[in-house]
Structures are given as C-alpha cells and as structure tokens.
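To start, the structure itself, in structure tokens.
The values are calculated or read from the model by the stated rules, or taken from the named source; none is laboratory data. Computed from a predicted structure; not experimentally measured. Positions of Cβ are generated from backbone atoms using ideal geometry, with glycine treated the same way; all protein chains shown enter the neighbour counts. Note: accessible area is taken over every heavy atom of the protein model, side chains too, but ligands, DNA and RNA are not part of it. Shrake-Rupley method; radii C 1.70, N 1.55, O 1.52, S 1.80 Å.
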Amino acid sequence: MEPDIYFVITKNCNYACRHCLHEAGPGLKDTTISETDFRTVIRHLPKTSLDLCLSGGEVFTIKNTLYSFLDYLGYDNERRKRNGQGLISAIIQTNGFWATNDDKAKSVLFDLASRGVDWLDIASYDKFHEEAGANLQKLERLVELARQGDFFRKVSLRGLSKIKQAAPVGRAKQMELRMSRIHVNYNGNCQGALGSYDLTITPKGDVNMCCVLQAPLPGNVIKEPLVDIVRRARTIERAKILDQEGIQKLALTDDWAERDVKEEIKKHGQCGFCFRAYREGIKF
C-alpha cells in the first residue's frame, strides 16, 4: 500500500537530478517547512490512522530538523493515544546517500527505528540518481542491512532501473524523454484521492490530489484542517469528477472528443494523457 499522505518537507537535496519534479538540489534549505508550520500541519491531519511519508528533496540534508520532526510525531501519537484517535505511521523516503559504509548506515537505521519510523523507502534506484552521484550497490547493501536488522515493518528499494524516462514536470520539462511506456502502467493515482486522503502536501502547505502536483486543491493545510480542505473539494464538480470517475471523464467534461481521449490514453496511459492535456495542471 502506498502512503496515504505524501509530505514534501524540503526541496533541499545533495543531488540535482535532471528529472526531478520538485527541482530539488543543494542550497535550498530555505525551502524547508518551519518547525512551527510542521507542527501545525500534523495537528491539522485527520484523527484516523494514516501513513505519513516524509520526503524531499532529501530529508537527510536537514537531518537535525528531520529528527526533530520525528520526535514531534512521537509526541503527537502519544496525544492521539490518550484521546482514542488513530496513530500516524511514519515513513521516510530517502536517496540513501548517507549510507557510505555499514557502520554509518546502521547508526542512521537505529536512529530512525528509535524514533518510531515504520517504513524506509529508498526511491533512488535509477539511472538519473546514479548519473547525479548515487551508488546503486550501496543502496542494495543499505536495504540488506535494514532487513537483516529488522528495523522496520517495511523496507523498499524503488526507481526506474535501467530506463531513462520521467514525468514531464519540474526539471524534466527541459528533457527530451520518451514518457509513454512508463505511464501506460501507471494510471490514475488521483482517482479516489479525496476518499482515501491519498494526497500530497508541499513545504508551503499546499495540498494536491496528484503525487506530481497536477491537481492542486483550494486551501492550505497550514491554515486549516485537511478534512475541511477535502470536504470543500468534494463539493467542487470538477474535483468530484476526477476523484470518482478519473481523468478520462474530466477530459470529456472539458470538451475533448471521446475518440481522441481513448486514443491518447491507449498510447500514453491516464497519467501520460493528463500531462499532455493539462500542461499547466488541472484547475478547480
């Protein structure tokens, strides 16, 4: 199961991969969400059980801040327990650059486990990250160490392997890439987002139905509870169509010819079609 809520806490990163949808890179620590705003977002999350993925950028370029955030999540979970509310399951998404040797890797793994992290997601096992400096063999070793030590409920190693394809958003807009094949089998993660709270939050508190930020919702989770933002979105006809019936139905509502839509989706998949049809994102 994918995380319910994907929370980008910084655009700072040790790499500047040319496919990065967030245009992350070195020298962007000022994009990191503040401690005060982070705590507000956590308090504004639904009180049911949920998975929360903290991502970037690269979260270990702001290690002390990350640990402070995890400590606050632990505090908030204690409060939730006292109030009979659901708990937040913490997921860390990282490129694993810090695992330069076994001792360093084990030290960080212990730090994360002791702070209640439930899932370690290494999402940099691909040619783009390798091109930027990632050592794929060390990432394989990191996964091995994490699983051997039984630190987490789940450990994942993900990426685009040997192919060089990416969603044409962010920095990848400048690239001459074939995007069709990767998106044919990656379809419609926005559909059902409002019902399951499978949403993305940016460092500024903006909320999006799409993991690559194609469908921003009105509202900001730093300013108001997420349930209020979602409740309001469920009353917006275009958001309802996307959530309940998908991008194909929304395109037909926007006067695309049915034959053209079906042909484009057959070629490029639902997400691929969305990138082509809504180049500036979906407006609600």
Query raised in the report: Within region 248-263, can you find the residues that are open to solvent by 40 Å² or more (accessible area, probe 1.4 Å) and hydrophobic (A, V, I, L, M, F, W, C)?
Result: Leu252, Trp256, Ala257
Query - Filter result (part of a loop (DSSP other than H, G, I, E, B) and open to solvent by 50 Å² or more (accessible area, probe 1.4 Å)) within region 186-206 - result: Tyr186, Asn187, Gln191, Asp198, Lys204
Report summary line: Those residues of region 211-247 that are free of Cβ contacts under 8 Å to residues at least 40 places away in the same chain, hydrophobic (A, V, I, L, M, F, W, C) and open to solvent by 10 Å² or more (accessible area, probe 1.4 Å) come to a total of 1
Report task. Please specify each residue of region 207-233 satisfying the condition of being within 17 Å of the chain's Cα centre (by Cα) and either assigned to a loop (DSSP other than H, G, I, E, B) or of a type in the set (Ser, Thr, Tyr) (or both). Result -> Met209, Cys210, Cys211, Val212, Leu213, Gln214, Ala215, Val221
Report task. Output the residues belonging to region 86-129 that are touching a residue at least 40 places away in the same chain (Cβ under 8 Å), within 17 Å of Arg158 (Cβ to Cβ) and in a helix (DSSP H, G or I). Result -> Phe128, His129
**Report entry** Qualifying position, being surrounded by fewer than 20 Cβ atoms within 10 Å (Cβ to Cβ), touching a strand residue (DSSP E or B) at 6+ places or on another chain (Cβ under 7 Å) and part of a helix (DSSP H, G or I), among Arg141, Arg147
**Finding:** Arg147
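Residues checked against (1) under 29 Å from Gly133 (Cα atoms); (2) β-branched (Val, Ile, Thr); (3) open to solvent by 50 Å² or more (accessible area, probe 1.4 Å); (4) touching a Gly at 6+ places or on another chain (Cβ under 8 Å):
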position	(1), (2), (3), (4)
Thr31	yes, yes, no, yes
Glu35	no, no, yes, no
Arg39	no, no, yes, no
Glu58	yes, no, no, no
Leu66	yes, no, no, no
Leu73	no, no, no, yes
Query raised in the report: Is it fair to say Gln270 is part of a loop (DSSP other than H, G, I, E, B), under 18 Å from Val169 (Cα atoms) and under 20 Å from the mean Cα position of the chain (by Cα)?
Result: no
Report summary line: So, first residue on the phi > 0 side of the Ramachandran plot in region 264-283, second residue open to solvent by less than 50 Å² (accessible area, probe 1.4 Å) and not in a helix (DSSP H, G or I), Cβ within less than 6 Å, six or more apart or across chains; the pairs are Gly281/Gln214
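The rows are residues; the columns are (1) over 14 Å from the mean Cα position of the chain (by Cα); (2) closer than 26 Å to Ser107 by Cα.
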{"position": "Cys17", "(1), (2)": "yes, no"}
{"position": "His22", "(1), (2)": "no, no"}
{"position": "Lys29", "(1), (2)": "yes, yes"}
{"position": "Glu35", "(1), (2)": "yes, yes"}
{"position": "Ser49", "(1), (2)": "yes, no"}
{"position": "Val59", "(1), (2)": "no, yes"}
{"position": "Asn64", "(1), (2)": "yes, yes"}
Report summary line: Taking region 41-55 and keeping residues surrounded by fewer than 17 Cβ atoms within 10 Å (Cβ to Cβ) and touching a helix residue (DSSP H, G or I) at 6+ places or on another chain (Cβ under 6 Å) leaves Pro46
**Report entry** Subset tally (residues that are surrounded by fewer than 17 Cβ atoms within 10 Å (Cβ to Cβ), at pLDDT 95 or above and among the acidic types (Asp, Glu)) for region 85-138
**Finding:** 3
Query raised in the report: For Ile42, are the conditions met, namely being of a type in the set (A, V, I, L, M), part of a loop (DSSP other than H, G, I, E, B) and under 11 Å from Phe7 (Cα atoms)?
Result: no
Query raised in the report: Does region 6-29 include one or more residues that are in contact with a strand residue (DSSP E or B) (Cβ under 6 Å, 6 or more places away or on another chain), outside any loop (DSSP other than H, G, I, E, B) and open to solvent by less than 30 Å² (accessible area, probe 1.4 Å)?
Result: yes
